[in-house]
There are 2 protein chains.
Amino acid sequence: MASVLPLSGLRQSPEPLSWLNSIIKGDCVAALEALPDQSVDVIFADPPYNLQLGGMLTRPDQSLVDAVDDEWDQFASFEAYDAFTRAWLLACRRVLKPSGSIWVIGSYHNIFRVGAMMQDLNFWILNDIVWRKTNPMPNFKGRRFQNAHETMIWASRDPKAKGYTFNYDAMKAANDDVQMRSDWLFPICSGGERLKGEDGKKVHPTQKPEALLARVIMASSKPGDIILDPFFGTGTTGAVAKRLGRNFVGIEREQDYIDAAAARIAAVEPLGKTELTVMTGKKAEPRVAFNVLVESGLVKPGQVLFDQKRRFSAIVRADGTLASGGEAGSIHRLGARVQGFDACNGWTFWHYEDEGQLKPIDDLRARIRAGLGKLAD
Amino acid sequence: MASVLPLSGLRQSPEPLSWLNSIIKGDCVAALEALPDQSVDVIFADPPYNLQLGGMLTRPDQSLVDAVDDEWDQFASFEAYDAFTRAWLLACRRVLKPSGSIWVIGSYHNIFRVGAMMQDLNFWILNDIVWRKTNPMPNFKGRRFQNAHETMIWASRDPKAKGYTFNYDAMKAANDDVQMRSDWLFPICSGGERLKGEDGKKVHPTQKPEALLARVIMASSKPGDIILDPFFGTGTTGAVAKRLGRNFVGIEREQDYIDAAAARIAAVEPLGKTELTVMTGKKAEPRVAFNVLVESGLVKPGQVLFDQKRRFSAIVRADGTLASGGEAGSIHRLGARVQGFDACNGWTFWHYEDEGQLKPIDDLRARIRAGLGKLAD
DNA sequence: TCGGTTCATGAATCCAGCT
DNA sequence: AAGCTGGATTCATGAACCG
């Protein structure tokens, strides 16, 4: 039976949601019943990998590799694992907002089955992301390549969903101003970040690095969003969500993991609003109609605009449209028309003459946005 | 109907196999009927990815992206794609030797379904390999991460198969003497390597780089092995196989691709035996029994061996076994016994004294292998 | 001939918001 | 709900072209 353990909340709402910023104890599918339909923005799931280990594995020095042999990773067959996967994915699907997205991490043992099931359940894969480990465990027997990565699937709830969050500009800025790729490089979780028990042993066998979760959350959610982790473990998702100003919900069966996660999350200090501000691109800026430039006097009716190479020209009309050789329309439509294209960004295509030089009219828009419109003659 | 087109053969056998080093024209499953059971060593398959593209895609400069919209990549549903996948995988399974292995390449559109089906059909995944592209196509609309990799699944025919070829030492040597990882970095196929028609257009939309195939073939096959590619396309697998002294079989439906592949392969000059000699490590070296060291006089009966720290010692007996404190056995057994381990590499555990210094008996084995046994006193 | 610039292109499930 | 419109959006590579 699932029970809700409230933690220190991040979110003060007029109708407080009892499950927000808490860890729900119980089986994943049963516990999800505590959540309403379409109530979470992002799901990060780190399900059992269904490792099928033959026996003990020893290193060349005969030391024993501490394998993942926990009870929760044992399944009788692929069919059993598929049934389990289908059940939790469906439960997650119900609580995910139509504009939400889901991440699932796995290895070659399970990720193919998970990915196929996600497609069968009508999730729409956006990317598969490869987590390249800087320090993977070696292959001790020399019979395979070193297994040096894990795979994450990022998917929207529905094939045609357009509303999912992707902070493209923030990702690009974080990657030396080129697009963030689908292969990410991070160390495995170790050192001080790795939770250890009083006996010095790791608390959870598959604790994920916070850096990995940070990129996931920064890429696909906004501050204040609700992030669900149905296999909470020791709460990496919750800790990072709290630090990044997001709300979280965790589901976990084992009391030991819950205790460790709760203590860990309580110690997290959320970042301030300033630190959380992300790079945004033009899409986020307020719309300025070309007409406003005419009205403000930055562009005058009758003025002639050119493309950068003066191959085309057009005359500004008083209503904020352009005319050229019998054709007329918006700066975008006419830009497309004269070039024979379907589309065109008129702001960067059309230029005005200033002291003999051609400058894009986008510069004038920038002045409006900066509040300088009234200063223009 | 499938027909066999013989090419210049690499292999002269007393019972020539008509399909060897040839391209079989026809549908993959039907054409595979021409091959006997358990007749090929390695399969490399690059099946249709089942891309589901919405419409046209333009770059920011309004140019049109030349998408993969070929008829052979169209499937009515996931079910249809699964049925197709199951059929060709089963046909491949029949012709694959029990000691063989199979590679399948794909993207997130299809690889999860392929991987799950491979598991369902009792293939045993050895690795999933990520091909990281140095120069992937960008994401033009800024709505996802740049799709910068493809995934290959490497699997043995059966779960307990141990005989598959993996040239571990060659891979390690090629990777600056550290284990080859599961993420590989290669450019996409372009420039002079990319086959172009008379119109200057690419002959095949998805030609793979030869470097990728070279690593696959070098890692998982031996010279003289037979490599099957059931989706031959323009014959990258055949060209690389021939160059690396392997035999190939290709299956392809489109005559245009067959013509291009045949001409391409005919122009390939196989490497010589010297160039093909792979870096082989200890596993490939001839086995040397400890007894040989005793017989050759490099180790003398009654001589005392130690571990590196002189915590343990043992006496060499004339039959090539060791004795220590009432226990006796092979260098490996006794090494394990004195340490309380299940296993031990006696060659590196036991040391002999030489001018006051302890040196591993493995050094003596190396002298035998180098033909220096008789020079020893 | 050399160096700089322009241009084409690659397995791609690629827009959002308002009327 | 479907359609319309504003306008945002690309990286590495090699060939072609130019001065």
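What fraction, in whole percent, of alpha-carbon pairs in chain B exceed 32 Å separation?
Counting pairs separated by more than 32 Å, the tail of P(r) holds 47 percent.
Partner chain Cβ atoms within 10 Å, averaged over the residues of B:104-115 - can you pull that number for me? Working shown, then result.
Values: counts 0, 0, 0, 2, 12, 3, 3, 6, 14, 7, 2, 8.
Per-residue shielding by partner chains comes out at 5.
In a shell of Cβ-Cβ distance under 10 Å around A:Trp72, excluding A:Trp72 itself, what net charge do Lys and Arg (+1) and Asp and Glu (-1) give?
My count for the surroundings of A:Trp72 gives -3.
Let me see the P(r) profile for the protein assembly as shown: every Cα-Cα distance counted, bins of 10 Å, each bin given as a percent of all pairs.
Pair shares across the bins are 2, 11, 18, 19, 18, 15, 10, 4, 2, 1, 0.
With r as the distance between the Cβ atoms of A:Glu295 and B:Ser190 and R0 = 51 Å, compute the FRET efficiency 1/(1 + (r/R0)^6) and round to 0.05.
With a Förster radius of 51 Å, E is 0.50.
Sorted from largest down, what three extents in whole angstroms do the Cα atoms of the stretch B:290-374 have along their principal axes?
The principal-axis extents, from largest down, are 35, 25, 21 Å.
Per the Kirkwood definition applied to all pairs of different Cα atoms, how many angstroms is the hydrodynamic radius of the stretch A:28-130? Intermediate results must be reported in sequence, preceding the final value.
Numbers: mean 1/r = 0.0653 Å⁻¹.
About 15.3 Å, per the Kirkwood formula over Cα pairs.
May I ask you to list the lysines whose Cα is less than 19 Å away from that of A:Lys359, ignoring any residue fewer than eight positions away on the same chain?
Of all the lysines, those that pass the test against A:Lys359 - Cα under 19 Å, at least 8 places apart if same chain - are A:Lys282, A:Lys300, A:Lys309.
Within 10 Å of each Cβ in A:122-128, how many Cβ atoms from other chains are there, averaged over the peptide?
Mean shielding by partner chains, rounded to a whole number: 4.
Would you calculate, for chain A, the mean residue ellipticity at 222 nm contributed by helices, counting each DSSP H stretch of 4 or more residues as -39,500 (n - 2.57) and dividing by all residues, to the nearest 500? The partial results should precede the final answer.
Working: 12 runs with 103 residues, N = 377.
Value at 222 nm, helices only: -7500 deg cm²/dmol.
Return the single residue from A:Thr274, A:Thr206, A:Thr348 with maximal mean-square fluctuation; model: Gaussian network over chain A, springs between Cα atoms under 10 Å.
Looking only at A:Thr274, A:Thr206, A:Thr348, the biggest GNM fluctuation is shown by A:Thr348.
Based only on other Cβ atoms within 10 Å, what is the fewest-to-most ordering of A:Glu254, B:Glu193, A:Glu355, A:Glu275?
A:Glu355, A:Glu275, B:Glu193, A:Glu254
Apply the Kirkwood formula to the stretch B:112-249: the hydrodynamic radius equals the inverse of the mean of 1/r over all pairs of different alpha-carbon atoms; give it in Å with one decimal.
Taking the inverse mean of 1/r over all distinct Cα pairs, the stretch B:112-249 comes out at 16.9 Å.
In nanometres, what is the gap between the two model label sites at A:Ser313 and A:Leu271, each 7 Å from Cα along Cα-to-Cβ?
With each label placed 7 Å out from Cα toward Cβ, I get 5.1 nm.
Taking each residue in B:162-175, count the Cβ atoms of any other chain within 10 Å of its Cβ, then average. What number comes out? Display every interim value, and only then the final one.
Details: counts 1, 0, 2, 0, 5, 0, 6, 1, 0, 4, 2, 0, 0, 2.
Partner-chain Cβ atoms within 10 Å, mean over residues of B:162-175: 2.
List the trypsin sites (Lys or Arg not before Pro) within the stretch B:84-151 that fall in a DSSP loop (any state other than H, G, I, E or B) and whose Cβ has at most 11 other Cβ atoms within 10 Å.
Those satisfying the criteria are B:Lys141, B:Arg143.
Would you mind checking which residues have amide H under 5 Å from B:Gln38's amide H? H placed 1.01 Å from N; only 5 or more apart, or other chain.
B:Val95, B:Leu96
List the relative contact order of the stretch A:3-276 as a percent without decimals, with contacts defined as Cα pairs under 8 Å and 6+ residues apart.
24 percent.
Calculate the tail of P(r) for the stretch B:45-193: the fraction of all Cα-Cα distances greater than 18 Å, expressed in %.
Of all Cα-Cα pairs in the stretch B:45-193, 66 percent lie more than 18 Å apart.
Between the stretch A:160-233 and the stretch A:53-97, what is the separation of their alpha carbon centroids in Å?
Answer, in whole Å: 21.
Looking only at A:Leu334, A:Leu64, A:Leu228, which one moves most when chain A is put into a Gaussian network model with springs between Cα atoms under 10 Å?
Of A:Leu334, A:Leu64, A:Leu228, the Gaussian network model singles out A:Leu334 as fluctuating most.
Which trypsin sites (Lys or Arg not before Pro) in the stretch A:260-357 pass both tests, a DSSP loop state and at most 16 other beta-carbon atoms within 10 Å?
Here the trypsin sites (Lys or Arg not before Pro) that fit, given the DSSP loop and packing criteria, are A:Arg287, A:Lys309, A:Arg310, A:Arg311, A:Arg317.
Would you work out the charge dipole size for chain A about its Cα centre, treating the Cβ of every Lys and Arg as +1 and the Cβ of every Asp and Glu as -1, and quote it to the nearest 20 debye?
For this selection, approximately 1080 debye.
Give the whole-number value, in cubic angstrom per residue, of the convex hull volume spanned by the C-alpha atoms of the stretch B:161-206.
Per-residue hull volume (Cα only) is 151 Å³.
Pick out, in residue order, every one of the trypsin sites (Lys or Arg not before Pro) in the stretch B:160-241 that is DSSP loop and has at most 15 other C-beta atoms within 10 Å; say none if there are none.
Here the trypsin sites (Lys or Arg not before Pro) that fit, given the DSSP loop and packing criteria, are B:Lys160, B:Lys162, B:Arg194, B:Lys201.
What percent of all Cα-Cα pairs in the stretch A:244-338 falls in each 5 Å bin, counting up from 0?
Over the stretch A:244-338, the share of Cα pairs per 5 Å bin runs 2, 10, 14, 11, 9, 6, 5, 5, 6, 6, 5, 7, 7, 5, 2, 0 percent.
Label points 7 Å out from Cα along the Cβ direction at A:Lys160 and A:Ala67: separation in nm?
Placing both labels 7 Å beyond Cα along the Cβ direction yields 4.9 nm.
Using the beta-carbon distance between A:Asn345 and B:Met56 and R0 = 30 Å, what value does 1/(1 + (r/R0)^6) give for FRET efficiency, to the nearest 0.05?
0.95
For chain A, set up a Gaussian network in which alpha carbons nearer than 10 Å are linked by springs, and say which option among A:Ala30, A:Ala155, A:Ala336 fluctuates the most.
So, out of A:Ala30, A:Ala155, A:Ala336, the one fluctuating most is A:Ala336.
Values quoted throughout were computed directly from the atomic coordinates according to the rules given, and no laboratory measurement underlies them. Values in this document were obtained by computation on a predicted structure and should not be read as measured data. Note that we place each Cβ from the backbone using ideal geometry, even for glycine, and neighbour counts take in every protein chain shown.
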